[in-house]
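The values are calculated or read from the model by the stated rules, or taken from the named source; none is laboratory data. Remember, it's a predicted structure, so these values are computed and weren't measured experimentally. As a convention, Cβ positions derive from the backbone with ideal geometry for all residues, glycine included, and neighbour counts pool all protein chains shown. Just so you know, the surface numbers come from the protein's heavy atoms only, side chains and all, with ligands and any DNA or RNA stripped out. Shrake-Rupley method; radii C 1.70, N 1.55, O 1.52, S 1.80 Å.
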Amino acid sequence: MGVRRLAAGEVAEAAQTLADAFDGYPWTAWTVAADRHRERLTELFALTVEAVGLPYGDVWAAAEPAGRIVAVAVWLGPDRPVPDQIWADLAARNAELAGDRHEAAVTAEAACAPLRTADPAYLLATVGVRRDRWGSGLGSRVLGPGLADAARAHLPVVLETSSESNVGFYRRLGFLVTGEVRVPDGGPRVWGMRRAPAA
């Protein structure tokens with residue numbers, strides 16, 4: 001099972017992999033409309049990969065020998081900040097894809113602001129493994145290159161997760177919980193986590 005950089009022509013397959021991984025995830029279940037949910041997720045992840053991850057970050061994929069992409073990790077580093085105009089251009093499309101959960105998504109993002117820091121760090125924007133490969137170690141493997149980049153740069157790594165089982169997974173990779181919020185009105189718990197820079 002090789003881990004390599006995602007090619008531009010593989011955006012659609014990477015988005016499908018991430019949508020499969022996040023279908024039923026507490027954050028996306030809360031912030032993305034239920035109707036056509038998987039379709040909405042796929043389009044949201046395609047935007048993330050194509051408009052943000054590939055041009056401004058690093059996107060790593062694990063693929064089976066036959067070529068099927070089964071895990072994807074999207075990283076953003078402090079050396080290539082995403083321009084404000086890109087986020088502004090994406091905002092309207094993201095709102096459309098969120099559907100009737102858009103207001104909930106805005107509230108959830110605001111609630112998570114205290115978990116975030118302006119200090120230089122590598123951000124794990126998203127990572128997902130296809131459900132039929134859960135438990136196979138692919139999550140750790142596809143995160144390897146990004147963790148190595150952060151270690152070489154002597155910078156911390158930060159992330160957010162709304163899955164308690166993920167908290168344990170990331171702890172095993174050296175992350176510590178830095179904060180926790182409960183999204184208002186019955187929303188999910190969200191944990192902020194940080195991995196200290198390499199000595």
5 angstrom amide H check on Ala198, placed H, neighbours 5+ away: His154, Leu155
Applying the gyration tensor rule to the Cα atoms of the stretch 9-61 (axes a ≥ b ≥ c; rounded if a/c under 1.5, else prolate if a/b exceeds b/c, else oblate), the class is prolate
With a 1.4 Å probe and all protein chains left in place, how much accessible area per residue does the stretch 94-138 have, in Å²? 56 Å²
GNM on the chain, Cα springs under 10 Å; top mean-square fluctuation among Ala73, Ala110, Ala125 goes to Ala110
In Hz, Karplus ³J(HN,Hα) per residue of the stretch 61-71 (6.51, -1.76, 1.60; θ = phi - 60°; x = Gly, Pro): 9, 10, 10, 5, x, 6, x, 5, 6, 10, 7
Evaluated at q = 0.15, 0.20, 0.21 Å⁻¹: base-10 log I(q)/I(0), Debye formula over Cα of the stretch 37-140: -0.78, -1.27, -1.33
In Å³ and rounded to a whole number, note down the convex hull volume per residue for the Cα atoms of the stretch 113-199. 100 Å³
Which one of Leu176, Leu143, Leu44 has the biggest mean-square fluctuation once the chain is modelled by GNM with Cα springs under 10 Å? Leu176
Return the single residue from Pro120, Pro26, Pro83 with maximal mean-square fluctuation; model: Gaussian network over the chain, springs between Cα atoms under 10 Å. Pro83
Between Glu39 and Ala198, what is the FRET efficiency for a Förster distance of 35 Å, r being their Cβ-Cβ separation, to the nearest 0.05? 0.30
Multiplying the sequence separation of Ala7 and Val82 by 0.36 nm and subtracting their Cα-Cα distance, what value in nm do you get? 25.0 nm
If you bin every alpha carbon distance in the chain into 10 Å steps from zero, what whole percent lands in each bin? 9, 35, 42, 13, 1
